[in-house]
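Visitor: One structure, pasted below without further comment.
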Amino acid sequence: MQKTYLVFLLLMAVFQSCTTDSSRKTPPLIKTKGGLEYYWIKKGATVKAEPGDLMELRMRIYSGDSCLYDWSLTGQPFWVQLTQAACRGSIQEGLALMGRGDSACFYPVADSVFKFDLGIPKPDWVAAGSRLRIEVGVHRIRSEEGEITTFMLQQGIPDSCRTALGAVRYTVKATTLRRPKAGFLQNGVKYRLLGTMQSLDGKVIREFTDLEPYYFVQGQGQIKPEGLGNILSSCFPGDSVWIVLPSWAAYGKKSLPEVGLEPYTTLYFRLRVLPAL
């Protein structure tokens, strides 16, 4: 879940109360196999989300008649990655039933939502064992795997460049420098990176130039995200490479507002790996 959402939820917007019509009649509830109770508000999408898909949601969360979170007040997209449910009755079970344009209302147990879906302690003001009411509408679904495959086809990158971890490493130009006897980047040696970090749509997030390169010592965990460091370890000094990192191997659900990085961004690096000057 997004960091902005967690902060918003914890603060409750200074205990903002969204008044609701408690007399509204609730339609008959349906149960998933895991026991999550819900009802459809709008149903009809022919294509449902698949595990690993990214879902942009319109969400409101209620505890009783108090509104804990309202997507319309944040001004930011709310993204969730569809994963295997971590517990019975998880809201992930409900999201797995939905496609673009669908909306539903879920009644999960608050304890499991905070522990498994949010990963934070349940606030004292939410009664143990109580149920939340979560209204969810699916605005958009992204298939990150499909986006990476399309990108590779457009750039002419062969399938053999996919790594076992699902990332892509494509050598555009092999080094013309003398290769060290050990081959790949050597632990304890300082190197520099030139190039760009961008999203698949071409938005440049960071740039490393001759005047401002990125320096790192191989093997000391200085490269972030770690997925990039793992792939660079199989490069030779002097190589020019393209690297595509799925969001889970990059920054995942984290956002970096200072550089304009949104949650669940697939990262595309165009880099040259060189010895430090």
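The numbers here are math on the coordinates, done by the rules we state, and not lab data. Note that the coordinates shown come from a computational prediction; the quantities given were computed from them, not determined experimentally. Counting neighbours? That spans all protein chains shown, and the Cβs are built from the backbone with ideal geometry, glycine included.
Visitor: Which peptide among 157-169, 129-141 comes first, and what is the full order, when sorted by highest mean count of other Cβ atoms within 10 Å?
Guide: Values: 157-169: 14.6, 129-141: 17.6.
By packing density, highest mean first, the sequence is 129-141, 157-169.
Visitor: Something else about it: I'd like to know which of Gly260, Gly195, Met98 lies farthest towards the positive end of the charge dipole of the chain, counting +1 on Cβ of Lys and Arg and -1 on Cβ of Asp and Glu.
Guide: Projecting each Cα onto the dipole axis, the largest value belongs to Gly195.
Visitor: Relative to the longest principal axis of the chain, what angle (0 to 90°, nearest 10) does the C-alpha long axis of helix 144-155 take?
Guide: Orientation of helix 144-155: about 30 degrees from the principal axis.
Visitor: For the stretch 104-111, what does the Karplus curve 6.51 cos²θ - 1.76 cosθ + 1.60, with θ = phi - 60°, yield as ³J(HN,Hα) per residue in whole Hz, taken in order and with x for Gly and Pro?
Guide: 7, 10, 10, 10, x, 6, 4, 4
Visitor: Any aspartates and glutamates with Cα under 16 Å of the Lys48 Cα? List them, leaving off those in the same chain fewer than 8 positions away.
Guide: Partners within reach: Glu56, Glu93, Asp102, Glu144, Glu145.
Visitor: Taking the Cα centre of the stretch 144-275 as the origin, how large is its charge dipole in debye, to the nearest 20, when only Lys and Arg (+1) and Asp and Glu (-1) carry charge on their Cβ atoms?
Guide: 620
Visitor: Next question, about the same structure. Quick check for me: using +1 on Lys/Arg Cβ and -1 on Asp/Glu Cβ, what's the dipole size of the chain about its Cα centre, in debye to the nearest 20? Walk me through the numbers before you get to the answer.
Guide: On the way: 33 positive and 25 negative charges, 97 e Å.
About 460 debye.
Visitor: Where the centre of each part is set by its Cα atoms, how far does the stretch 195-237 sit from the stretch 76-118, in angstrom?
Guide: If you average the Cα positions of each part, the centres end up 34 Å apart.
Visitor: Ok, one more. Using θ = phi - 60° and the Karplus curve 6.51 cos²θ - 1.76 cosθ + 1.60, what whole-Hz ³J(HN,Hα) does each residue of the stretch 64-70 get, with Gly and Pro shown as x?
Guide: Listing the rounded values in order: x, 9, 8, 8, 8, 8, 9 Hz.
Visitor: Another question, then. Quick one: helix 3-15 against the long Cα principal axis of the chain, what's the angle to the nearest 10°, folded into 0 to 90?
Guide: Approximately 30 degrees, to the nearest ten.
Visitor: Shifting gears a bit: Which log10 I(q)/I(0) values, to two decimals, does the chain give at q = 0.13, 0.16 Å⁻¹ under the Debye formula with one point per Cα?
Guide: The computed values of log10 I(q)/I(0) come out as -0.91, -1.17.
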